[in-house]
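Input: a single structure, listed below in C-alpha cells.
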Amino acid sequence: MPTMLATRIREVLRDHPHWGPMRVAEVLKTSARVISVVASREKIRFMDRTDLEIYTDGLREKLNAG
C-alpha cells in the first residue's frame with residue numbers, strides 16, 4: 001500500500017511531470033533526499049534529461065501548431 005507521501009508525490013508529478021525531487025520537496029515541505037527515498041521504494045520515476053527534452057519538444061510543437 002502506498003504511503004501518504006508517495007501519494008502526494010504522485011499528485012504533484014501529475015500536475016508537474018517535469019519537476020525533480022528538489023522541487024517536489026519544496027512543495028511538500030520535506031527534503032529532496034526523503035522524496036528520492038520514497039520515490040525509489042514506491043517505484044516513482046522522475047524524468048531524466050532525455051525525457052525532459054522530449055516533453056519540452058512536445059510542448060513546443062503544441063504551441064507552434066496553435
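Every read-out reported here was derived from the displayed coordinates using simple, explicitly stated rules and does not represent laboratory data. Everything numeric here is computed off the predicted structure, so don't read it as measured data. Quick reminder, even Gly has a Cβ in these numbers, built from the backbone with ideal geometry, and neighbours come from all protein chains shown.
Key figures
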{"item": "Close pairs (6 angstrom Cβ cut-off, 6 or more residues apart or separate chains): more than 18 Å from ASP48 (Cβ to Cβ) in region 3-30, of a type in the set (Lys, Arg) and in a helix (DSSP H, G or I) anywhere", "result": "LEU28/ARG8"}
{"item": "Matching residues, region 25-66, being touching a Ser or Thr at 6+ places or on another chain (Cβ under 9 Å) and over 11 Å from LEU5 (Cα atoms)", "result": "ARG41, PHE46"}
{"item": "Identity of the residue in region 1-53, among the basic types (Lys, Arg) and part of a helix (DSSP H, G or I), that ends up surrounded by the most Cβ atoms within 10 Å (Cβ to Cβ)", "result": "ARG8"}
